[in-house]
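Taken together, the values in this text are just the output of simple stated rules run on the coordinates, not laboratory data. Given the structure is predicted, the values throughout are model-derived calculations rather than measurements. Backbone-built Cβ (ideal geometry, glycine too); neighbour counts: all protein chains shown.
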Amino acid sequence: MRDRVGARVPVVVQTRGVRSAPARVLWVCAESVVTCGVVILLLVVHQLWWTNQQARAAATEQVRVLEREWEIPGSPASPEAETPSETEPEDPPEPTVSPPPPAEPATRPRSGAPASSSAYAVLRIPRIGLTAPVARGIGKRSVLDKGYVGHYPRTAAPGRPGNFALAGHRNTHGEPFRYVNRLRAGDEITVRTRDGEYLYRVDQVLPQTSPRDIGVIAPVPRSLVKPSYGYSAPGSYLTLTTCTPEFSSAYRLIVWAKLVSASRR
């Protein structure tokens with residue numbers, strides 16, 4: 001047997017690989033893409049989930065506050081009894097939210113509520129499980145982004161002759177009008193104020209129209225884009241407006257209802 005004493009033992013030395021310049025650039029780019037993706041995901045979660053949670057909670061609490069106040073004798077009168085105001089809302093609507101009110105219509109509707117952003121009514125639509133406060137004005141920050149339904153300035157008060165026109169978000173910020181596309185003729189809508197409760201029944205649905213179709217919120221509502229939709233005689237109407245399709249502001253979805261009963265306190 002060969003004497004192995006003093007034989008040289010081979011030693012393997014492992015060295016850390018050194019990335020080349022192109023590899024380092026690719027690594028940095030990959031990290032940046034992942035970071036941006038996480039940030040975008042967090043923003044989407046905030047917009048689609050967190051804003052809904054906040055707005056729904058605030059809107060639900062506002063409904064409770066209103067209904068508790070209505071049970072207290074001697075509390076301030078509802079907006080229906082106040083002097084009509086021609087003041088524009090402090091936070092004017094953007095075209096991407098809902099059809100803007102006419103600047104100076106040929107026939108100027110009488111207002112049933114001043115243009116402030118406080119909630120004064122409760123809207124209920126049983127078919128889609130909606131209960132939401134109604135506030136004056138259709139400003140995004142002051143009304144719609146709170147999860148409220150906005151009452152168009154210079155349109156009729158609840159239960160009064162003319163067109164009681166409302167706007168609401170379809171997506172995000174409580175999205176009260178998320179499922180108004182499911183409404184059909186005959187579905188009931190109630191509006192409660194301090195002075196009474198008003199029952200409307202859905203009559204017509206305009207699936208899609210232009211954001212500038214201001215005819216839909218006229219005292220006698222009729223689409224200027226699709227004149228086959230709407231009315232030709234005065235009455236007591238309720239109009240719901242929101243964006244369509246979902247997660248888009250390209251068009252407006254319109255639901256019209258007629259007053260069928262009113263119970264005043």
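Here are the numbers:
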item	result
For a label point 7 Å along the Cα-to-beta-carbon line of Arg141, residues of region 50-73 with backbone N under 20 Å	51-52, 54-56, 58-59
Glu67 paired with Ala262, simple spin-label distance in nm, labels 7 Å along Cα-to-beta-carbon	2.3
Inter-site label distance for Arg184 and Leu199 at 7 Å from Cα along Cβ, in nm	2.0
For region 157-265, radius of gyration divided by Kirkwood radius, i.e. Rg to Rh on alpha-carbons	0.96
For Pro221, net neighbour charge (Lys/Arg +1, Asp/Glu -1) across residues whose Cβ lies under 13 Å away	+2
